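The next block holds one structure in the form of C-alpha cells; read it before the comments.
Laboratory data are not the source of any read-out in this text; all were calculated from the coordinates shown. This is a predicted model, so every value here is computed, not measured. A quick note on method: Cβ atoms are made from the backbone with ideal geometry, for glycine too, and the neighbour counts reach across all protein chains shown.
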C-alpha cells in the first residue's frame with residue numbers, strides 16, 4: 001500500500017511539473033526564452049503582440065493564433081514604424097518603407113499561439 005501511495009504521489013508530481021512548465025508544447029526556435037516565459041509574457045501583457053527575444057539578426061514576437069488576428073496584429077505593429085503592408089504570400093507578410101523591403105514570417109507554434117520573426121531592420 002505504501003508503494004502505491006508513493007507511486008501515485010510521484011506520478012502526480014511529474015504531471016504537475018510537466019503542465020506547469022509547458023513541457024508538452026513544441027520547442028521554441030529561439031534560445032533565450034523558455035516556453036513558460038513566452039506564454040506568460042503574452043498573457044501578462046495588455047498588448048496583442050509581444051516581443052520575446054532578439055537573436056541572430058531577428059526579433060521574435062508572440063501573438064494569439066487566429067491567423068487573421070495574428071496578421072492584423074503584425075500589420076498594426078509595423079505600420080506604427082511606417083512600414084506599409086503590400087501583400088501576404090504563405091507565411092510571409094511583405095512590407096515596404098522608403099524603397100526598402102521587409103518580410104515578417106509567421107509560424108504556428110501551438111493551437112493557441114503564433115510566433116513572428118522580423119528582421120532587425122524593423123526599428124531602423
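Can you sort 86, 2 by how many other beta carbons sit within 10 Å, fewest first?
So the ranking, lowest neighbour count to highest, is 2, 86.
Could you check the simple spin-label distance between residue 68 and residue 25, using points 7 Å along Cα→Cβ, in nm with one decimal?
With each label point 7 Å from Cα toward Cβ, the separation is 2.6 nm.
Of the labelled options (1) 14.2, 47; (2) 19.1, 68; (3) 18.7, 74, which one gives Rg and Dmax of the Cα atoms in Å as computed for this structure?
(3)
Most exposed first by the Cβ proxy, i.e. fewest other Cβ within 10 Å, how do 116, 33 rank? Walk me through the numbers on the way to the answer.
Details: 116 27, 33 18.
Ascending Cβ contact count within 10 Å gives the list 33, 116.
For the chain, take the longest principal axis of its alpha carbons; what is the angle in degrees between that and the long axis of helix 2-20, to the nearest 10 within 0 to 90?
For 2-20 against the chain, the angle is about 10 degrees.
State the Cα centre-to-centre distance between the range 91-124 and the range 26-90 in whole Å.
Each part reduced to its Cα centre gives a spacing of 8 Å.
I need to check one value: relative contact order of the chain, counting alpha carbon pairs closer than 8 Å and at least 6 residues apart, in percent.
19
Nearest 0.05, what FRET efficiency do residue 81 and residue 32 give at R0 = 22 Å with Cβ-Cβ as r?
0.45
Taking Cα atoms, how many degrees apart are the long axis of helix 35-44 and the longest axis of the chain, rounded to 10 and kept between 0 and 90?
Approximately 70 degrees, to the nearest ten.
Would you mind checking the tilt of helix 67-79 against the longest principal axis of the Cα atoms of the chain, expressed as 0 to 90 degrees and rounded to 10?
Compared with the principal axis, the helix lies near 50 degrees.
Hey, fewest Cβ within 10 Å first, where do 3, 35 land in order?
Ascending number of Cβ neighbours within 10 Å: 3, 35.
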